[in-house]
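Structure, as structure tokens:
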Amino acid sequence: MSEERIRKYETIVVTRSDADHGAQRKLHEKLTGLMEESGVRPIRFEYWGKRRLAYQIKKANKGLYFYHTYLSSSSFLAEMNRMLKLSNIVLRYMTVMLKDGVNPDTYDFESEQHFDTLPTESDVKKDRDRSRTGWDEEFSSKPKADEGAEAPPKDGDAAPDASEKPAGESDEPGAVTEAAEAEGETKAQEKAEPEAKAEPEAKAEPEVKTEPETEAAAEPNADKNAEEEE
Amino acid sequence: MRRKDDDKKKKKKRRGPPRRKVCSFCTDKNAKLDYKNPAMFKRFVTERGKIVPRRISGMCAKHQRELCRAVKRARHLALMPYTSAGSAG
């Protein structure tokens, strides 16, 4: 185990939202238990809440999203994948390598460390506001810290690179939910109505808003062209 | 739906050389293509969820590859539809 190469991974697990809460908890404990056994160093765990799936999976329309970041060797992944595959409540899972060849002794855990607590049963039931998929949310163009440094085009081509990236990336899911909440606040009244009605309205407005940006970018040039011709 | 109508209105005859497109991810270094935030690349995907070719979007090759990867990952996790032929979203 210690001989193997340590990498930084992130895993997203999507489970059935209508599954028994006990089963959710059990799965989570099993996963964290397995992590502990295999000497995985957890960095981050986020509960993204109940989200509407972009398409139906195994007759399910909504799923609970769990996000893990950790340092481990590849042998752990095989075990974890087997476990997730066998579970009945898991709809989807995906692991992405963020960084290769990490030294766990020198790794700066503290800057990213964050552990959400598992939601209680009533939390999950209440959690209706986040029914949108990430797809529905508006692009939040907030500048993210620690990302500007990465400029030369050589770097990013093949492998996920430098330490800036993981830090920035792990911030982003938070940004997604923030955006959703911000929207939620402004459109609280609409949301008070049944979701199905409220959402198309909420969606339609931002879509229109995005267009002026592209137009605005386009117009100055168009004007220039016109002037040149004259 | 709305977008289509707007496009029709926008259509004007343009003379002169076509505008050079610039990859928006090259100009904005802070923007990172991240599959966890699919709302971010909404502009590079059609309403039906198809990836817009770079001859139209003006993306550079590097970022088009990244986009492609990100979209496919997001689709797998149901953060984004493979296709939305039937329903609107």
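Quick look at the numbers
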| quantity | calculated |
| --- | --- |
| Solvent-accessible area buried by A and B, counting both chains, probe 1.4 angstrom, square angstrom | 3900 |
| Calculated FRET value between A:Met97 and B:His76, using beta carbons and R₀ = 25 Å, to 0.05 | 0.95 |
| Nearest-10 value in Å² for the accessible area of B:Ser84, using the 1.4 Å probe | 10 |
| Global form of segment B:19-76, assessed from the alpha-carbon gyration tensor, a/c cut-off 1.5 | oblate |
| Neighbour net charge for A:Gln113 - beta-carbon separation under 12 angstrom, K R +1, D E -1 | -3 |
| Charge sum, other residues only, whose C-beta stays under 11 Å from B:Cys60's C-beta, Lys/Arg counted +1 and Asp/Glu -1 | +3 |
| A:Glu36-B:Arg65 pseudo-label distance in nm [points 7 Å out on the Cα-to-Cβ vector] | 4.2 |
| Listed residue pairs exceeding 26 Å between alpha carbons, taken from B:Lys13/B:Lys62; A:Lys99/B:Lys72; A:Lys8/B:Lys32; A:Lys59/A:Lys99; A:Lys85/B:Lys62; A:Lys8/B:Lys42 | B:Lys13/B:Lys62; A:Lys59/A:Lys99; A:Lys85/B:Lys62; A:Lys8/B:Lys42 |
| Förster radius 51 Å - calculated FRET efficiency between B:Arg55 and A:Glu79, Cβ distance, rounded to 0.05 | 0.70 |
| For segment A:7-122, accessible area per residue (1.4 Å probe, heavy atoms of protein chains only), Å² | 47 |
| 3J(HN,Hα) from dihedral phi, segment B:25-35, Karplus parametrisation 6.51/-1.76/1.60, rounded to Hz, x for glycine, proline | 7, 7, 6, 9, 6, 6, 6, 10, 6, 10, 5 |
| J(HN,Hα) series, segment A:80-87, from Karplus relation 6.51 cos²θ - 1.76 cosθ + 1.60, nearest Hz, glycine and proline x | 5, 4, 5, 5, 5, 5, 7, 6 |
| Ranked by how many other beta carbons lie within 10 Å on average, peptides B:25-32, B:73-80 from highest | B:73-80, B:25-32 |
| Partner chain coverage, peptide A:88-97 - average Cβ within 10 angstrom | 2 |
| Long-range HN-HN contacts of A:Lys99 with modeled amide H, under 5 Å | A:Lys8 |
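The values are calculated or read from the model by the stated rules, or taken from the named source; none is laboratory data. Note that the structure is a prediction, hence the values are computed from the model and not measured. With ideal geometry, Cβ positions are generated from the backbone for all residues, glycine too; neighbour counts draw on all protein chains shown. The protein model used for the area step is the full one, side chains on, heavy atoms only, and it has no ligands, DNA or RNA in it. Shrake-Rupley method; radii C 1.70, N 1.55, O 1.52, S 1.80 Å.
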